[in-house]
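The values are calculated or read from the model by the stated rules, or taken from the named source; none is laboratory data. Model, not experiment: these values are computed from the prediction. Neighbour counts run over all protein chains shown; Cβ positions are idealised from the backbone, glycine included.
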Amino acid sequence: MKEKEIEDELVSIRSLMERSSKFISLSGLSGILAGVYALIGAGIANLLLNGQPVERTQTDIIEAVGSDYTAFSTFFYLIITALAVLIASLLTCYILSKQKAKRKNQAIWGRISRLLLFHMSVPLVSGGVLIFILLFRGHYGIIAPASLIFYGLSLVSASNFTFTLVKYLGLCEIILGLVAACLPGYGLLFWAIGFGALHIIYGSLMYLKYDR
């Protein structure tokens, strides 16, 4: 009986230490839904492209503004689709994580969540700025690999303040991005795998291990 009490006490101490050093309110369900949003977005992008090459040159885009309205409108709607997926994923993550934090009596905004956000934002924002530079300079073939690699780096950086599964997801995203860089022309496919399929797998593992 005494051994059981000691074991329970150790579990309690470990839980308290984890709460003070890790953000444990990330929702696995939000990861699943983010993956679903990404797959829907990839499907819409595929319909918009309708067989058109993604890797158009800068000159093509400049000419499209004045002479090829269809090409320019396709480009515009691709950007809108990507932003819609991003906003929907962030909102879902915030709402579900807030609900989980409430169940676990953990503040959604505190020292640990601020550290997590900072370490995730540095590579993510840097990558986002670089991608926009590449976008407006016409280097479309590298956008999907760059987005996967910088997103992976942001997850690895933030994983020190949350679940270890996040680090493994980040490493998978980096590897996928490097492979995508070696296979130009398949950016949308790799984007769908990285932001869609991998997120669904990660979210399912998170949900089964931590959310139930």
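Taking the condition of being loosely packed, with under 15 Cβ neighbours inside 10 Å and among the charged types (D, E, K, R), how many residues in the stretch 200-212 meet it? Residues flagged as loosely packed, with under 15 Cβ neighbours inside 10 Å and among the charged types (D, E, K, R) within the stretch 200-212 amount to 2.
Going through (1) hydroxyl-bearing (Ser, Thr, Tyr); (2) surrounded by 14 or more Cβ atoms within 10 Å (Cβ to Cβ); (3) at pLDDT 75 or above one by one, Ser25 falls short only on (3).
Among the residues of the stretch 88-135, those identified as in contact (Cβ under 8 Å) with a residue 24 or more places away in the chain, under 28 Å from Phe190 (Cα atoms) and of a type outside the set (A, V, I, L, M) are Ser89, Thr92, Cys93, Ser97, His119, Ser121, Pro123, Ser126, Gly127. Of the residues making up the stretch 155-163, one or more are in contact (Cβ under 8 Å) with a residue 12 or more places away in the chain and closer than 30 Å to Phe75 by Cα. Exactly one residue out of Ala197, Ala180 is surrounded by fewer than 19 Cβ atoms within 10 Å (Cβ to Cβ), at pLDDT 85 or above and within 22 Å of Leu86 (Cβ to Cβ): that is Ala197. Scanning the stretch 78-92 for residues that are farther than 11 Å from Leu48 by Cβ and not small (Gly, Ala, Ser) yields Leu83, Val85, Leu86, Ile87, Leu90, Leu91, Thr92. Does Ala158 qualify as being buried (at least 17 other Cβ atoms within 10 Å of the Cβ) and either part of a helix (DSSP H, G or I) or not acidic (Asp, Glu) (or both)? Yes: the conditions hold for Ala158. For the stretch 161-178, taking the residues that are part of a helix (DSSP H, G or I) and of a type in the set (Val, Ile, Thr), the one that is nearest to Ile200 (Cα to Cα) is identified as Val166.
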